[in-house]
Amino acid sequence: MRTTVGIIGAGPAGLLLARLLHNAGIGSVVLESRDRAYVEQRQRAGILEQGTVDVLRAAGAGERMDREGLRHDGIELRFARERHRVDFPALTGGSSVTVYAQTEVCKDLIALQLKEGGPLLFDAEALAVEDADSEHPRVRFRHEGREDVLECDYVVGCDGFWGVARKAVPAGLSRVFERTYPFGWLGVLADAPPSHDELVYARHDRGFALLSMRSPTVSRLYLQVPEGTDAGSWRDEDIWDELDRRLETDDDWRLERGPVTAKSVTPMRSFVHEPMRHGRLFLAGDAAHIVPPTGAKGLNLAVGDVVTFARALVHLRATGSAERLDAYSETCLRRVWQAERFSYDMTTLLHRAPGAPPFEDRIQLARLRRIAASRAAETDLAEAYTGFPFE
Ligand code: RFL
Ligand code: PHB
């Protein structure tokens, strides 16, 4: 098998890249280790930055998003029983975000790829990337019980944090920057109308809570839990009681309850692999970097990476200049580190580390009150949340 761009992984990064390349007349093959149903059901991100929305729309993948996505012009910060709304358009000159689940983005891109694009193979597990620094890198993979080789001009590793692509970068050339947090998120999906029309990020002495949504009838809720918590150890009743406690206010706001339909725990980590390129192997999305979900940046970063790659390859084909492709890693990393910084700030602003001294509680409250009182501080949050521009 031969192609121009071999793409490992059919998450948002790999699927969008295949679409962008197809639109530019560049061939690709996507290898995905899991089956289609698994990829389409995996509950994850919910927030799309304006730039992500624009890219999906321009790629011809925005039709259902435009119909079903919910435009949000702000978020609420909740602390010490108080509520503070951050008004995005007013602070950023018009930016907003869109609530449209990652599952739906993937469904839309898979349907388009299967209808119009190049090969997208499910149950096709990449085993290794070989000769990454030669003219013709290869992906060894297993599909339907048989081993095969995909010969490529370029390989893009969009295979997430646990993938194989990153391992093809020689250890002596890799640098890893990492931080883990002593807590995770218990996430639930519930058949309950959202209890607020915008997302609520709550700091509480008992820990962080987040109220998000998937549709006018489905809520997505998260609770900070100790690292290593088993989701099954939380009874639905206890989840609702704990959400009630952490989201409490002094006014008559009430949490809507409903049947819980899914429950899982996500660990929290910050991780960056530098460089994001080795020869003709390019890393994109979670394969190269992880942010804790508090800033809602993971999927948006993945989109930024593949847009940067696709534009650079189109530029090379149009002008003969590899300048942009050569700058891929530095270009992506500038944006990645801004998102790392913001996600870290949001995480340390809102979570309560086990055993944190009371001093830290007061500092968190002071930071939150500063955001509520200072337009400059609030603008900084709004600009970062709605997204940094693509270069
Ligand atoms: P993915 O989505 O992990 O996709 C990687 C794909 O590669 C496949 N794969 C392989 N295929 C072939 N051969 C191999 N050897 C392979 N190894 C792996 C996998 O099966 C998979 O299909 O990575 P990608 O495309 O880079 O996308 C990244 C995003 O999924 C991730 O950053 C976000 O979900 C993070 N995230 C959020 N991001 C946001 O922008 N906004 C949010 O609101 C947001 N909320 C979240 C989140 C992530 C969460 N979790 C569960 C980590 C909330 C949560 C709870
Ligand atoms: C979600 O809806 O899943 C979601 C929203 C905001 C975040 C993280 C997750 O910061």
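The values are calculated or read from the model by the stated rules, or taken from the named source; none is laboratory data. Bear in mind the structure is a predicted one, so any value in this text is a computation, not a measurement. Heads up, the Cβs are rebuilt from the backbone with ideal geometry, glycines too, and the neighbour counts pull from every protein chain shown. Surface accessibility is based on the protein's heavy atoms, side chains included, excluding ligands, DNA and RNA. Shrake-Rupley method; radii C 1.70, N 1.55, O 1.52, S 1.80 Å.
Only one residue of THR92, ILE75, ALA111 has its Cα farthest out toward the positive end of the dipole of region 62-118, where Lys and Arg carry +1 and Asp and Glu -1 on Cβ, and that residue is ILE75. Return the carbon/sulfur percentage of the accessible area of the chain, one whole number, probe 1.4 Å, all protein chains in place. Looking at the chain in its full context, I get 49 percent from C and S.
Computed across the chain, the Kirkwood hydrodynamic radius from all distinct Cα-Cα pairs reaches 21.7 Å. Answer with one residue from PHE122, ASN23, CYS332: the one whose Cα lies farthest towards the positive end of the charge dipole of the chain, charges on Cβ with Lys, Arg +1 and Asp, Glu -1. About the Cα centre, the residue reaching furthest to the positive side is CYS332. Compactness ratio for region 88-174: Cα radius of gyration over 2.2 N^0.38 Å (N = residue count) comes to 1.51. For region 16-60, rounded, prolate or oblate, judged on the Cα gyration tensor with a ≥ b ≥ c (square roots of eigenvalues), a/c < 1.5 rounded, else prolate if a/b > b/c? It comes out oblate by the Cα gyration axes.
Given that compact globular proteins tend to follow 2.2 N^0.38 Å, what is the ratio of the alpha-carbon Rg of region 1-141 to that value?
1.28
Packing, as the average of other Cβ atoms within 10 Å across residues, places the peptides 52-62, 288-298 in the order 288-298, 52-62, highest first.
Restricting the calculation to Cα atoms, region 222-292 shows an Rg/Rh of 1.19 when the hydrodynamic-style radius is the Kirkwood one.
Projected onto their three principal axes, the Cα atoms of region 221-360 cover extents of 62, 38, 32 Å, largest first. Taking a cut-off of 28 Å between Cα atoms, list the lysines near LYS115, but don't count ones fewer than 8 places away on the same chain. Cross-link targets: LYS107. Beta-bridge orientation, the chain: approximately 75 percent antiparallel, per DSSP, counting only bridges with both partners inside. On the basis of the beta-carbon distance and an R0 of 30 Å, THR180 and MET1 show a calculated FRET efficiency of 0.20.
Averaged per residue, the chain has 43 square angstrom of accessible surface, using a 1.4 angstrom probe with ligands and nucleic acids left out.
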